[in-house]
């Protein structure tokens, strides 16, 4: 049996599994499907068209499956699909799809911290961390184990690669390749996600091939097409093959690299400072 607070409102035809804990003033709309062993805390709002798996923690005032913030939405049935073992903290918003029959999808074992936003038709994999106020616009795709730091923003249709890391306050308008770090406004690639790769258990030979791929892309002077061709010739691990596939599938293009004179693009370049100083004299 589930433990449901008397002030909670459960809609018609809603399906609940076993051993769920539904807190005070939770609203679950008509037809929502919720698995087993979930905890849904006070004031959370689960909207029509939502399916939630097992062992999720949904914290206070979270809104899941509300109508998309898209002027193209005409009220047709669309969906939100949440997997298992996710932690969704206070005031997170996850909106359902826009076009009829489409879905916003969140996989398994993700951690969305307070005030994060996942817009319509986003697809998130597994083991992703979104820090406070990280926001995904419509149709973004996030691969497994990506780390999105606080107050980051992403252009519509942006793809964020596996085990990539985005630094706080960044804004990215192109695809972020797997296994790399990026930051700035606009975001640029800063290097390899060395710590993330080590923590994920990647052995030195694999890390070395990823490092070679990074250097070909961002430190060799080759354009992207040429760098990919060199990777295909000389690098054989599955991770580099995934990186190549990610790049070749990119429609927006991948992020540029940081110039050699700077480590973090949140700071103005020296050349810009000189121009500003000259204009003031």
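Values in this text are rule-based calculations from the coordinates and carry no lab data. Just so it is clear, the model here is predicted, and its values are computed rather than measured. So basically every Cβ, Gly included, is an ideal-geometry build from the backbone, and we count neighbours across all protein chains shown.
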Label point 7 Å beyond Cα of residue 87 along Cβ direction - residues of the stretch 40-67 with amide nitrogen under 14 Å | 56-60
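Could you list 165, 60 so that the one with the fewest beta carbons within 10 Å of its beta carbon is first and the one with the most is last?
Working: 165 24, 60 17.
Neighbour counts put them in this order, fewest first: 60, 165.
Rg over Rh of the stretch 176-268, using C-alpha atoms and the Kirkwood radius, what does it come to?
That ratio is 0.95, to two decimals.
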Log entry: pair-distance distribution for the stretch 1-139, C-alpha pairs binned every 10 Å from zero, whole % per bin is 14, 48, 32, 5, 0
Taking 95, 66 and counting other beta carbon atoms within 10 angstrom, the fewest-first order is 66, 95
For the residue pair residue 200 and residue 223, what label-to-label distance in nm results when each label sits 7 Å from Cα along the Cα-to-beta-carbon direction?
-> 2.9
For residue 236 and residue 156, what is the calculated FRET efficiency with R₀ set at 30 Å and r taken between the beta-carbons, to the nearest 0.05?
-> 0.30
Simple spin-label estimate for residue 250 and residue 36 in nanometres, 7 Å along Cα-Cβ | 4.5
Determine, from the Cβ-Cβ distance of residue 185 and residue 27 and an R0 of 41 Å, the FRET efficiency 1/(1 + (r/R0)^6), rounded to the nearest 0.05.
-> 0.65
Scattering from the C-alpha atoms of the chain alone, worked out with Debye: what is log10 I(q)/I(0) at q = 0.08, 0.11 1/Å?
-> -0.40, -0.69
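Which percent, nearest 5, of DSSP beta bridges in the chain are antiparallel? Walk me through the intermediate numbers first.
On the way: 5 of 60 bridges.
Around 10 percent antiparallel, to the nearest 5.
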Can you give the angle from 0 to 90° between the axis of helix 204-218 and the longest principal axis of the chain, with both taken from C-alpha atoms, to the nearest 10?
-> 70
